[in-house]
């Protein structure tokens with residue numbers, strides 16, 4: 001039996017086990033898509049098409065309490081009997097250690113629960129890699145039978161914001177004292193939220209932040225997103241948040257095609273970006289040298305060299 | 001005179017004023033490349049080819065004192081009579097306000113000095129946009145006659161790390177207490193440094209961090225980068241750092257082609273990425289819809305849809 005056939009067989013077995021909900025197989029599958037870029041598509045093609053799991057993106061500036069909120073959402077959906085997968089994307093995790101480690105330890109209280117699966121993902125070593133890997137892990141969790149996937153990312157840069165584009169509903173988590181609306185808006189967060197959450201409701205300025213956010217979202221198309229004041233820590237406002245998420249999930253469960261397509265479009269585009277970057281990496285190896293020499297010699301502008309490189 | 005010719009004439013005038021070192025024209029040029037993607041290449045083609053200014057990238061995790069260090073480097077190069085341009089890329093700036101604002105205010109002590117030009121850039125609203133805009137601002141500052149360009153970025157994600165690929169020398173700024181080497185290495189920072197700076201030398205653990213970094217860099221090709229302990233605040237170790245930077249700058253000034261090409265290659269590749277992303281944005285508008293429907297119907301895998309999208 002040649003190597004290709006062996007791999008194919010191994011992938012088939014792995015896909016079958018993942019589809020049965022085998023946690024060890026799921027972990028193995030996730031490790032595979034993280035490390036084996038060649039084999040990952042083969043495995044994913046063997047799974048049922050994505051679109052069964054409901055994906056909730058949770059993003060916002062650092063320190064707004066996203067992990068605590070995710071923790072509450074796990075509890076809420078476990079009470080209603082749903083199986084919950086969590087993907088925590090931490091671009092900062094290799095560095096800031098402390099606080100995030102605390103979060104992970106708290107989330108670890110769920111590890112005895114077989115209906116919860118938590119996976120942390122750090123920034124990949126290649127551009128666009130994180131979005132593609134996230135989209136692949138979602139496909140694996142979906143195939144493994146998780147009903148709800150909570151996707152937590154720190155919304156500090158464009159690439160972090162792009163990661164949540166695969167969600168069916170995006171919660172943007174803010175808190176009092178972040179500065180004026182213009183600043184939050186500059187970070188791109190006001191363009192992507194389906195629900196705005198003002199966390200740490202007990203802090204001074206929470207009410208005025210809600211009022212000013214309501215001013216910003218008013219008139220947004222096709223509908224202005226709700227603004228909900230919560231305290232993830234005390235539980236205040238969480239029921240209201242659940243109602244807002246459930247409103248979207250009901251549309252999803254009733255087969256709303258546009259909602260399903262939104263997530264799939266996000267996955268296709270993010271994967272396409274990665275594909276382009278990988279090709280650029282290959283193409284640039286030899287070609288960029290000659291172009292750089294022409295620029296250095298004053299014979300070519302940078303923008304024109306870039307256009308020739310991608311031709 | 002038609003619109004195109006007017007624009008051409010305006011660009012010529014602007015390019016001429018920038019080349020004379022006119023600060024207002026430089027500011028106008030930077031605003032133009034930030035906001036007018038169409039016209040930016042026209043302006044840049046009218047400037048002298050890049051490669052005169054020496055570009056120092058300064059990156060590292062948040063809170064390691066990069067801005068204070070940049071401040072010291074400004075002082076050092078002003079004393080030697082060099083004109084210094086600073087580009088501070090703050091993906092977090094719209095949000096964390098406080099600390100960064102303090103940094104900017106401190107840097108503002110240089111604003112009366114006509115030999116220093118400081119520009120902050122926030123994350124752009126499109127993928128890869130920041131790298132391209134940074135590369136364009138460098139071209140403008142270079143043309144305006146700045147001798148040294150200090151490019152400060154927070155090294156937390158892949159895209160932030162890519163921004164410094166246009167530098168002639170990259171300083172990775174670390175500090176004691178960041179966690180073990182493996183963690184710093186995971187963030188990709190151990191692959192990009194030409195000089196490793198352990199800032200906050202007075203903190204406990206500074207010496208042991210230097211020792212463990214020396215262990216990591218030993219054996220790196222083509223030469224192991226220096227590890228230098230400094231206190232940007234007290235000035236300790238700054239002379240040693242200056243010597244390490246000057247060693248590279250001397251190669252640059254003596255016309256080392258490989259060093260010049262390195263920065264140009266970085267600018268070409270980062271601009272090419274942006275070009276690809278923009279094309280993907282255009283191509284995906286109509287095409288992605290049909291592909292998403294095929295994926296939803298189970299007729300196509302995400303990876304295959306992505307490949308068709310970029311075809």
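Values in this text are rule-based calculations from the coordinates and carry no lab data. Quick caveat, the model's predicted, so the values are computed rather than measured. Reconstructed Cβ throughout: ideal geometry from the backbone, glycine too, with neighbour counts over all protein chains shown.
Taking beta carbons within 10 Å but only from partner chains, what does the mean come to for residues A:256-269? Present the calculation step by step, with values, prior to reporting the outcome.
On the way: counts 0, 3, 0, 0, 4, 7, 1, 3, 10, 9, 2, 6, 16, 9.
Per residue, the number of nearby Cβ atoms from other chains is 5 on average.
Once the label point is set 7 Å along the Cα-to-beta-carbon vector, what list of distances in nm do you get between residue B:13 and its counterparts in the other copies?
Listed shortest first, these distances are 7.5 nm.
Once the label point is placed 7 Å from Cα along Cβ, list for residue B:214 the distances to the corresponding points in the other copies, in nm, shortest first.
Reported distances to equivalent positions: 6.3 nm.
When Cβ neighbours within 10 Å are restricted to other protein chains, what is their mean count per residue of peptide A:46-57?
Mean inter-chain Cβ contacts per residue within 10 Å come to 2.
Counting only Cα, what are the radius of gyration and maximum Cα-Cα distance Dmax of region B:1-83, in Å?
For region B:1-83, the Cα-based Rg and Dmax read 16.8, 54 Å.
Inside 10 Å of the C-beta atoms of B:282-294, what's the mean count of C-beta atoms belonging to other chains?
Numbers: counts 0, 1, 5, 0, 0, 2, 7, 2, 0, 6, 11, 5, 3.
What the average comes to for B:282-294 is 3.
Taking the beta-carbon count within 10 Å as an exposure proxy, list B:120, B:263 from fewest neighbours to most.
So the ranking, lowest neighbour count to highest, is B:120, B:263.
Ranked by Cβ crowding within 10 angstrom, fewest neighbours first, how are B:221, B:79 ordered?
In order of increasing Cβ crowding within 10 Å: B:221, B:79.
Which percent of Cα-Cα pairs in region A:1-47 sits in each 10 Å bin, short to long?
Percent of Cα pairs in each bin: 29, 59, 12.
Given label points at 7 Å from Cα along Cα→Cβ, what nm distances, shortest first, separate residue A:258 from the same residue in every other copy?
From this label point to the equivalent ones elsewhere in the assembly: 5.8 nm.
In whole Å, what three semi-axes, largest first, describe the equivalent ellipsoid of region A:169-259 built from its Cα gyration tensor (square root of 5 times each eigenvalue)?
On the way: eigenvalues 106, 58, 18 Å².
Those come to 23, 17, 10 Å.
Quick one: the Cα spread of region A:270-310 along its three principal axes, in angstroms, biggest first?
37, 18, 10
In whole Å, what is the distance between the alpha-carbon centres of region B:210-251 and region A:1-74?
42 Å
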